[in-house]
Amino acid sequence: MIPIHSGKVERGKLMLFNHQKYLVQISKLEGKEIELTIRKKKSQRSINQNAAYWGLVIDILSEHLGYEREEVHDALRAKFLSHIDEKTGLTVIRSTTSLSTVEFMDYYSKIQRWASEFLNCYIPSPNECDYSEVNG
């Protein structure tokens, strides 16, 4: 597992949130070459996006297809969030929890288009309905 250290930049300096954890990881790499990547933190999918996904997409498709909610969720992830790892040849399926808000809306839109085109099933956009009532 690759450790990820969070922090922020203040006045041109890197300020880590858990400096001690960082030092422990660095000590394990003594004498070795490393690769350091710094990127802006992505905002993860919102609570509202998650509620719309489970309250609209998953509920509608599980009823339409006759599958359990988790089965539908896993099938959608496999269809829209998978890729083949070139080094290993393995199919890697991303978790929806790792998606940014933008990536999650793209995922949601792809599911809407697919459901409409291949299943003749309409899935409303989150702003079209009160999905909190749909999911109870």
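The values are calculated or read from the model by the stated rules, or taken from the named source; none is laboratory data. Just so we're clear, the structure is a prediction, and the values are computed from it rather than from any experiment. Here the Cβ is made from the backbone with ideal geometry for all residues, glycine too, and neighbour counts use every protein chain on show.
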Does any residue in the stretch 1-17 that is part of a strand (DSSP E or B) come within less than 6 Å, Cβ to Cβ, of a residue that is among the aromatic types (Phe, Trp, Tyr) six or more places away or on a different chain, and which pairs are these? GLY7/PHE17; LEU16/TYR22
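To keep it simple, each residue is scored yes or no on (1) loosely packed, with under 12 Cβ neighbours inside 10 Å; (2) not charged (D, E, K, R).
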residue	(1), (2)
LEU81	no, yes
ASP85	yes, no
THR91	yes, yes
THR97	yes, yes
ASN120	yes, yes
PRO126	no, yes
List the number of the failed condition for ILE34; all other conditions in (1) modelled with pLDDT under 95; (2) more than 30 Å from SER6 (Cβ to Cβ); (3) among the β-branched types (Val, Ile, Thr) hold. (2)
Are any residues in the stretch 4-43 of a type in the set (Asp, Glu) and within 27 Å of the chain's Cα centre (by Cα), and if so, which ones? GLU35
Of residues in the stretch 27-55 being among the basic types (Lys, Arg) and either surrounded by 11 or more Cβ atoms within 10 Å (Cβ to Cβ) or in contact with a His (Cβ under 8 Å, 6 or more places away or on another chain) (or both), the one farthest from ILE123 (Cα to Cα): LYS42
Near pairs, Cβ below 9 angstrom, 6+ apart or cross-chain, from the stretch 103-124 (more than 15 Å from ARG45 (Cβ to Cβ)) to any residue that is of a type outside the set (Ser, Thr, Tyr) and exposed (fewer than 13 other Cβ atoms within 10 Å of the Cβ): TRP114/LYS79
Read through the list (1) assigned by TED's automatic domain parsing to the domain that holds ILE111; (2) more than 24 Å from the chain's Cα centre (by Cα); (3) surrounded by 10 or more Cβ atoms within 10 Å (Cβ to Cβ), then give the number of the only condition that LEU61 fails. (2)
Among the candidates LYS32, LYS110, residue that is of a type outside the set (Asp, Glu) and closer than 29 Å to LEU16 by Cα: LYS32
Going residue by residue through the stretch 88-97, is there one that turns out to be in the same structural domain as CYS129 (by TED's automatic domain parsing) and either in contact (Cβ under 8 Å) with a residue 24 or more places away in the chain or assigned to a helix (DSSP H, G or I) (or both)? yes
Please verify whether the stretch 11-26 includes one or more residues that are charged (D, E, K, R) and within 23 Å of ILE123 (Cβ to Cβ). no
